[in-house]
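What follows is a single structure, written as structure tokens, with notes after it.
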């Protein structure tokens with residue numbers, strides 16, 4: 001199931017594979033998503049939110065050859081070692097399938113954790129699976145997310161009723177022969193609960209992941225994701241989240257390498273006093289195309305949102321940012337902030353940005369900014385004048401450039417793990 005061809009199915013009425021023990025409500029949700037994907041059709045470069053990114057690798061009948069990028073383990077070691085010190089509950093998906101033998105006992109996390117195959121025991125997921133994804137199809141269609149909901153072969157259903165005893169870490173691993181994997185996770189935080197979810201790895205030559213998150217009143221959800229650093233991988237990820245009153249969501253994604261990565265987020269601040277911070281750092285060298293497409297909708301009064309995305313690009317790598325803050329008339333006293341920046345380490349790298357504000361309330365504070373440029377010559381001269389070799393001076397300036405995005409990670413241990421991965425990538429791509 002985990003090795004179906006999920007992304008090639010978008011727009012062509014994706015097959016809805018059966019799941020063992022699948023309850024009626026889940027089967028109906030998957031069938032509805034299949035019809036939704038058929039209506040949405042396949043994206044093309046003529047679509048407004050795909051004109052910067054060619055969807056062809058996501059639609060191809062065959063995934064990229066995973067052996068072309070070398071052994072699968074080569075790209076997984078750095079990420080695994082960086083997060084090894086985190087005292088987390090580890091759940092391992094190998095080749096798109098939950099590997100119970102390699103995973104910790106899910107009961108030790110202090111939260112309810114079930115596999116998608118155990119959905120019959122998670123009645124609460126009936127009101128979540130596919131619902132946020134369906135709501136997130138307007139105003140921007142997301143056909144790959146609908147195809148994922150219809151054809152997911154595996155995933156997790158996580159519910160936190162109180163504060164989780166430790167972070168939950170999902171580790172994606174693959175063997176050299178696996179091409180496609182499709183995963184769908186549902187996360188529910190009850191009122192006042194707190195949960196940290198960490199995702200590490202790529203898990204397939206072509207991976208589709210959808211995560212739907214419902215954050216109850218006063219609950220806090222931390223999310224850190226480290227994609228890569230496998231070469232040649234193709235990834236489409238979607239985060240759909242809905243926040244109730246005084247709820248908080250803080251999500252950070254690090255992407256290193258990969259042929260094509262498209263990370264989409266759709267967040268609704270539905271209750272007064274909510275907070276949503278979305279951030280990311282991308283590092284690309286050579287055949288690398290990275291696309292962050294973010295939509296934050298303010299539906300209630302007194303909410304805060306931040307989008308901070310930084311990209312470091314060289315040797316022809318391309319970075320894309322499409323971000324929107326949408327403020328409805330009733331969402332007075334909104335505080336919305338958006339920043340997208342790229343550091344271009346040579347003249348072949350490209351950064352394409354489309355920042356947007358759509359505001360219907362009159363008592364708001366919203367801003368956006370987007371810039372791209374080379375390393376600042378004065379700062380580089382200053383460091384070299386104090387005896388630092390050029391490569392080391394450039395590495396320090398790259399880390400300083402990314403620091404604002406990394407600062408969005410609230411938990412120090414996770415921030416240090418991300419910084420270690422950044423340092424490892426920069427060290428291997430000097431000169």
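State the Cα centre-to-centre distance between segment 344-359 and segment 366-402 in whole Å.
With segment 344-359 and segment 366-402 each reduced to a Cα centre, they are spaced 18 Å.
Highest GNM mean-square fluctuation, the chain, Cα pairs closer than 10 Å: which of 378, 336, 316?
Looking only at 378, 336, 316, the biggest GNM fluctuation is shown by 378.
Within the chain, what percent of beta bridges assigned by DSSP are antiparallel, to the nearest 5?
Values: 6 of 138 bridges.
Taking every DSSP beta bridge with both residues in the chain, the antiparallel ones total about 5 percent.
As a footprinting exposure proxy, order 290, 238, 222 by other Cβ within 10 Å, with the fewest listed first. Spell out each step's value before the answer.
Numbers: 290 30, 238 25, 222 21.
The order, fewest Cβ neighbours first, is 222, 238, 290.
If packing is taken as the average number of other Cβ atoms within 10 Å across a peptide's residues, how do 344-351, 291-298 rank, most packed first? All intermediate terms of the calculation are to be shown ahead of the outcome.
Numbers: 344-351: 16.6, 291-298: 24.4.
Order by mean packing, descending: 291-298, 344-351.
Which distance in Å, rounded to a whole number, links the C-alpha centroids of segment 264-284 and segment 73-151?
Spelled out, the Cα-based centre of one part sits 19 Å from the other.
Full extension from residue 60 to residue 84: what is 0.36 nm times the residue separation minus their Cα-Cα distance, to one decimal in nm? Write down the numbers at each step before the final one.
Working: separation 24, 0.36 × 24 = 8.64 nm, distance 3.51 nm.
Length difference between fully extended and current span is 5.1 nm.
Expected output is a single nm value to one decimal: the length gained when fully extending between residue 191 and residue 45, i.e. 0.36 nm times separation in residues minus the C-alpha distance. What is it? Don't jump to the answer; show the numbers that get you there.
Values: separation 146, 0.36 × 146 = 52.56 nm, distance 4.17 nm.
Full extension of this stretch gives 48.4 nm more.
Relative contact order (percent) for the chain, with alpha-carbon contacts under 8 angstrom and 6 or more residues of separation? Before the final figure, lay out each step's value.
Values: 1188 pairs, mean separation 53.3, N = 431.
Dividing the mean separation by the residue count of the chain yields 12 percent.
Return P(r) of segment 293-431 (all Cα-Cα pairs; 10 Å bins starting at 0; whole %; ordered from short to long distances).
In order of increasing distance, the bins hold 11, 32, 31, 17, 7, 1 percent.
Can you bin segment 123-234 into rounded, prolate or oblate? Criterion: square roots of the alpha carbon gyration tensor eigenvalues sorted a ≥ b ≥ c, rounded for a/c under 1.5, prolate for a/b above b/c, oblate for the rest. Display every interim value, and only then the final one.
Working: a/c = 2.15, a/b = 1.34, b/c = 1.61.
Cα axes put segment 123-234 in the oblate bin.
Any read-out appearing in this document is the output of simple, stated calculations on the displayed coordinates, not a laboratory observation. Everything numeric in this text was worked out from a predicted model, so none of it was measured. Cβ: placed from backbone, ideal geometry, glycine included. Neighbour counts: every protein chain shown.
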